[in-house]
1. Quick one: LEU581 ticks every box in (1) open to solvent by 40 Å² or more (accessible area, probe 1.4 Å); (2) in a loop (DSSP other than H, G, I, E, B); (3) under 20 Å from LEU466 (Cα atoms) except a single one, so which number is it?
2. Would the range 436-455 turn up any residue that is over 30 Å from ASP69 (Cα atoms), at pLDDT 85 or above and in a helix (DSSP H, G or I)?
3. Checking the structure you have, find out if any residue of the range 221-237 is among the aromatic types (Phe, Trp, Tyr), at pLDDT 85 or above and crowded, with 21+ Cβ neighbours inside 10 Å.
4. Which of the residues spanning the range 39-67 are under 31 Å from the mean Cα position of the chain (by Cα) and surrounded by fewer than 14 Cβ atoms within 10 Å (Cβ to Cβ)?
5. Within the range 423-459, take every residue that is more than 23 Å from ILE99 (Cα to Cα) and open to solvent by less than 30 Å² (accessible area, probe 1.4 Å) and give me the one that is nearest to the chain's Cα centre (by Cα).
6. What do you reckon, is ILE451 among the aliphatic types (A, V, I, L, M) and more than 25 Å from SER165 (Cβ to Cβ)?
7. Among the residues of the range 465-501, what is the count of those that are among the hydroxyl-bearing types (Ser, Thr, Tyr) and over 24 Å from TYR96 (Cβ atoms)?
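The values are calculated or read from the model by the stated rules, or taken from the named source; none is laboratory data. Note that the structure is predicted; figures quoted are calculated from it, not measured. Cβ sites come from the backbone with ideal geometry, for glycine too, and all protein chains shown count toward neighbours. Surface accessibility is based on the protein's heavy atoms, side chains included, excluding ligands, DNA and RNA. Shrake-Rupley method; radii C 1.70, N 1.55, O 1.52, S 1.80 Å.
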Amino acid sequence: LAGVLSLAGALPAGTPLLLDVGHTLPPGGDALSHGRGLDCWEVRKHNSSEWCHFIRSNPDCRLDGGFLDYLNGVFCVFPPRLLPLAVTLYALWLLYLFIILGVTAEKFFCPNLSAISTNLKLSHNVAEYTAPMYPRGGHLVFSLTSPLHGVTFLAFGNGAPDVFSAVVAFSDPRTAGLAIGAIFGAGVFVTTVVAGGIALVKPFMAASRPFLRDVIFYMVAVFLTFVVLYLGRIRLGEALGYLGLYVFYVLTVVLCTWIHRRQRGDGLAPAGPWEPEMPTDMEEPEPGSTNSGDYAEEYQPLLPSQETSLRILTTALSPLDYRKWRRKPWYWRLFKAFKVPVELVLLLTVPVVDPDKDDLNWKRPLNCLHILTSPLLCVLTLKSGAYGLYQIQGIFPVWGLVTLVASALALIIFITTSNEEPPKYHCVFAFLGFLASAMWINAAATELVNILRTLGIIFQLSNTVLGLTLLAWGNSIGDTFSDLTMARQGYPRMAFSACFGGIIFNILVGVGLGCLLQMTSSQPLVKLEPDSPLVWVLAGALGLSLVFSLVTVPAQCFQLGRPYGVCLITYYLAFLCVALLTEFRVIHFS
């Protein structure tokens with residue numbers, strides 16, 4: 001890790017890790033402030049004929065991780081006159097990365113997490129705690145689960161893109177501002193725009209105890225982050241404190257649920273399972289896809305017939321339902337056309353176990369293919385392929401060894417199993433799918449962070465403003481649509497609870513785990529030095545919005561209507577104006 005930072009030489013042992021939470025280079029700041037030579041942010045100050053040489057000769061312009069060198073592409077591959085074209089292509093690729101993150105989390109990561117929780121005997125019971133919902137197939141499955149399941153597995157599934165983006169951003173001192181901006185920015189966005197939109201769509205009465213509990217815990221997390229930024233460093237104990245606070249939050253949720261059940265007279269006896277599925281217009285189940293619903297069931301013949309392995313493979317790899325394609329509007333077809341390549345690659349590399357199906361989504365030829373493709377995916381995406389391309393004794397590559405072992409194992413499984421009945425060890429594929437989808441999310445998050453840093457250098461914007469806008473909006477857009485859809489379907493109370501439950505996981509695990517992974521035994525310290533007043537504007541805006549909700553919601557007897565929603569959305573627009581004016585130095589802070 002010290003080698004990453006010592007771009008001009010070796011750092012002495014014990015040198016604190018420095019994370020610049022703010023401008024990559026503040027306007028008027030010292031380019032040599034961190035002893036790394038000229039900051040890459042200064043490239044636009046040079047003549048356009050010198051851009052490529054500056055990028056290639058400056059160590060600060062090297063992107064750590066990722067498969068594409070975006071800085072070299074925009075400043076060396078494209079001539080200066082085609083810079084707008086390069087920026088346009090990068091913006092489209094950025095949008096596509098968000099699609100990759102959303103599809104992977106929705107159709108592969110979350111279903112595998114659900115299967116793992118089922119195998120671990122975490123029951124799906126009706127509880128007072130309304131866990132964050134997650135989309136499954138063409139339905140929004142509002143999973144009123146056991147509290148432990150809701151605040152651990154489902155929270156991890158819903159917050160995976162946010163947490164992975166934060167961890168990747170914290171791994172490089174030059175992009176740490178993205179993590180802070182995204183975590184705080186998403187918090188402000190969700191607690192104002194999304195929560196206010198729910199109140200506008202469907203006025204309702206909020207659940208008093210869960211609301212107060214979640215807001216208080218979130219305020220504590222925001223205050224802890226504010227203190228860490230003020231002190232300028234986070235030690236090992238403080239990083240563990242973030243994770244410990246989330247564990248305490250989980251225990252509090254479990255205890256509150258137990259007390260509520262005791263008051264109702266239910267004790268510890270679990271209620272009957274209930275998973276109401278409400279069809280929406282967002283997307284419908286597709287044959288061969290990873291969701292729990294399957295249109296193919298409607299067209300099954302009365303007499304069972306055995307399908308060939310080739311037929312099973314081609315059906316399982318088809319991400320498109322042609323019957324649905326014909327009756328969908330043009331904009332749905334256009335969006336689906338963008339998603340098909342991603343879904344096809346994910347279907348080839350990520351197995352999914354579905355406990356709701358009779359066959360547990362067992363596709364013998366495809367699952368045997370997953371035995372080969374999933375391990376190859378893991379070794380070729382870990383550290384951007386550095387481990388997979390490593391040659392053992394300088395002769396045989398690691399990916400070749402993985403291919404040989406996985407091929408032999410896949411052949412054995414194919415011979416010893418049948419197409420009709422899944423093997424007893426089929427649950428192992430859920431763990432394999434979880435790992436493979438996590439590697440996909442991590443790879444997409446790495447590219448996302450690198451391209452945002454590149455855009456920041458091109459437009460000379462701080463990492464913080466990119467985090468609180470593009471990264472926060474991109475990671476929150478799925479929650480926005482799903483929560484508003486939930487409210488329109490008549491479940492505004494559940495959607496409102498989901499607004500606060502998920503972001504607690506994101507800030508505590510995102511900051512705690514992100515900083516913890518950067519510490520070593522000789523360097524149990526990560527420095528966080530805000531170089532821009534925008535960080536304080538962001539933290540103050542988030543804290544003020546929480547105080548506003550904490551005061552006004554009980555004052556309205558938890559009856560939330562359209563005036564409350566208008567106030568929250570107006571607050572966010574005002575905050576966004578102040579943040580942008582601060583970024584462009586129209587508003588000055590001492």
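1. Failed condition: (2).
2. Step one: of the range 436-455, the residues over 30 Å from ASP69 (Cα atoms) are none.
Scanning the range 436-455 turns up no residue that is over 30 Å from ASP69 (Cα atoms), at pLDDT 85 or above and in a helix (DSSP H, G or I).
3. Checked against the condition, which is being among the aromatic types (Phe, Trp, Tyr), at pLDDT 85 or above and crowded, with 21+ Cβ neighbours inside 10 Å, the range 221-237 yields no hits at all.
4. PRO59, PHE67
5. My answer is PHE429.
6. Judged against the criteria, ILE451 is not a match.
7. The total comes to 2.
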